[in-house]
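The values are calculated or read from the model by the stated rules, or taken from the named source; none is laboratory data. Just so it is clear, the model here is predicted, and its values are computed rather than measured. All Cβ positions, even for glycine, are placed from backbone atoms using ideal geometry, and neighbour counts span all protein chains on display. What goes into the accessible areas is simple: the full protein's heavy atoms, side chains included, and nothing from ligands, DNA or RNA. Shrake-Rupley method; radii C 1.70, N 1.55, O 1.52, S 1.80 Å.
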Amino acid sequence: MKVMIVVTHLLGTGHLSRALTLGRAFQAAGDRVQIVSGGFPAPQLATGDIDLLQLPALRSDGVNFTQLLTPGGALAGERYYHQRQSAMCQALQHLQPDLLISELYPFGRRSLRHEFRALLRAAKALPKPPKILASIRDILAPPSKPEKAVKADAVIAEFYDAVLVHSDPKATRLELSWPVSDLLAAKLHYTGFVAPAAAGPHPAAEGSGEILVSAGGGSVGDEIYQTALQAARLMPDTPWRLLVGGSDAKARIEKLSQTPSPAKMEPARPDFRQMLTHVAASVSMCGYNTALDLLQAETPSVLIPFDAGKEVEQSLRAQSLTPLAGFEALRTAELTPERLIAAVGKARCAPRRSADQFQFDGARRAVEIAHDLVKAQV
């Protein structure tokens, strides 16, 4: 079976990471996979084992997802969008997929709706149209207006055969963050959480005994880093390490270095998941992939959800995790070195939770669901 997965990450890299995990699961099942990525390249994510087509890249202007920027920092114009749309549709024509998956759209990425709709129309016009699925995480950004959910339903009704929800319904149902109509409910398939296999121990036990501070792969989290630098000064007997994400990580580290602190700083690294096995505690945001990494590694964790602008997704996820042992949460507005240290202490003193109670094989289950849907078409 030929599979095309289309994804554009605009701030962090979680959407691309999840798409890569899905793609590898399809490959493991013997399928030919192409991932079409419209966000900035993410060198910390391994992509050499999968066919990845990089579109002319876009990123958001901070948390303004309606104003998208090119790699040079310019506002993307009509010609730039047309180049992206043409590249996507040409890739579709060349691959002639049996299965087309759009990551997040139409539940998000509305600023890119024209290119997605062009792709969907082109898919429906193929001699043998593919099955079309949407792929969404456990918690979405709730629609700011009711009509946004209505419009998403209309797109689902016109183009989509199913919606893959990458959550365990016993843990988090889509209704927590999105109004589920009767039409949408009939197309939902819960897969369980989509995560790569547990990373296991680090071969060099990197991170042992440290407080590991991270903020995903995007250029965000400076407030967390600044607070952590100050907290490290108040805990001189405990090593702190900051992993700084984003394509501008080196420049940000240089700026953060102006704050005197014993903490180590370095760019985000690909062995982050292995390090979580050894650290004394993690301090991080609460994106989908980070949350699953922490659950798999059983790491004592302080969650500081990304809540800039009108973002609520990570706050909702943090609320669902804090009843579990070893999770503490702080809002950005209440973040101080002293409160961070107290939260780290509580997380470290909590009983160790077990990863065995959670299902992380959502990628495998998503492949099974997709195969069944395609076979039903034959």
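Using θ = phi - 60° and the Karplus form 6.51 cos²θ - 1.76 cosθ + 1.60, what ³J(HN,Hα) does each residue of region 166-179 get, whole Hz, x for Gly and Pro?
Karplus values, whole Hz, x for Gly and Pro: 8, 8, 8, x, 6, 9, 9, 9, 4, 4, 4, 10, 9, x.
Can you pull the percent of the chain's accessible area that's carbon plus sulfur, 1.4 Å probe, other chains left in place?
Reported share for carbon and sulfur atoms: 53 percent.
Using a 10 Å cut-off on Cβ atoms, rank the peptides 297-306, 365-374 from the highest mean neighbour count down.
Those peptides, ordered most packed to least, come out 297-306, 365-374.
Which lysines, if any, have their Cα less than 18 Å from the Cα of LYS128, not counting same-chain residues under 8 positions apart?
LYS2, LYS375
What ³J(HN,Hα) values, in whole Hz, does the Karplus curve 6.51 cos²θ - 1.76 cosθ + 1.60 give for region 20-26 when θ = phi - 60°, with x put for Gly and Pro?
With the stated coefficients, region 20-26 comes to 5, 4, 4, x, 5, 5, 5 Hz.
Which length gain, in nm to one decimal place, applies between ARG121 and LYS145 when the Cα-Cα distance is subtracted from 0.36 nm times their residue separation?
My answer for the length gained is 6.0 nm.
From the Cα gyration tensor of region 146-265, with a ≥ b ≥ c the square roots of its eigenvalues, which class applies: rounded if a/c is under 1.5, or else prolate if a/b is larger than b/c, or else oblate?
Because a/c hits 1.5 or more and a/b exceeds b/c, region 146-265 counts as prolate.
Please report, in Å, the Rg and the Dmax of the chain, where both are computed over Cα atoms only.
Cα-based Rg and Dmax for the chain come out at 20.6, 66 Å.
So how far apart, in nm, are the two label points at ALA74 and ALA308 if each is 7 Å from Cα heading toward Cβ?
For ALA74 paired with ALA308, the spin-label model returns 2.4 nm.
Apply 1/(1 + (r/R0)^6) to the Cβ-Cβ distance of GLN359 and ARG32, taking R0 = 30 Å, and write down the FRET efficiency to the nearest 0.05.
Between GLN359 and ARG32 the formula returns 0.65.
Less than 16 Å from a label point 7 Å out along the Cα-to-Cβ axis of ALA197: which backbone N atoms in region 48-68 qualify, by residue?
49
If you count, for each residue, the other Cβ atoms within 10 Å and average over each peptide, how do 283-291, 80-88 line up from highest to lowest?
Result, highest mean first: 283-291, 80-88.
Rounded, prolate or oblate, given the Cα gyration tensor of region 39-95, with a/c below 1.5 counting as rounded?
Oblate, because a/c is 1.5 or more while a/b does not exceed b/c.
What nm distance separates the two modelled labels at LYS250 and GLN96, each placed 7 Å from Cα along Cα→Cβ?
Inter-label distance under the simple model: 4.6 nm.
Rounded to the nearest 500 deg cm²/dmol, what is the calculated helix-only ellipticity per residue at 222 nm for the chain, with -39500 (n - 2.57) per DSSP H run of length n ≥ 4?
Result for the chain, helices only: -11000 deg cm²/dmol.
Using a Förster radius of 45 Å, what is the FRET efficiency between LYS346 and ASN64 based on their Cβ-Cβ separation? Nearest 0.05, please.
About 0.80, to the nearest 0.05.
What number comes out for accessible area per residue over region 163-272 if the probe is 1.4 Å? Units Å², please.
I get 46 Å² per residue for region 163-272.
Output wanted: per-residue J couplings in Hz (rounded whole) for region 80-86, from phi through Karplus 6.51 cos²θ - 1.76 cosθ + 1.60, θ = phi - 60°, x for Gly and Pro.
In residue order, the calculated couplings are 5, 4, 5, 4, 4, 4, 5 Hz.
Need one word for region 218-294: rounded, prolate or oblate. Basis is the Cα gyration tensor (sqrt eigenvalues a ≥ b ≥ c); a/c below 1.5 gives rounded, then a/b vs b/c decides.
oblate
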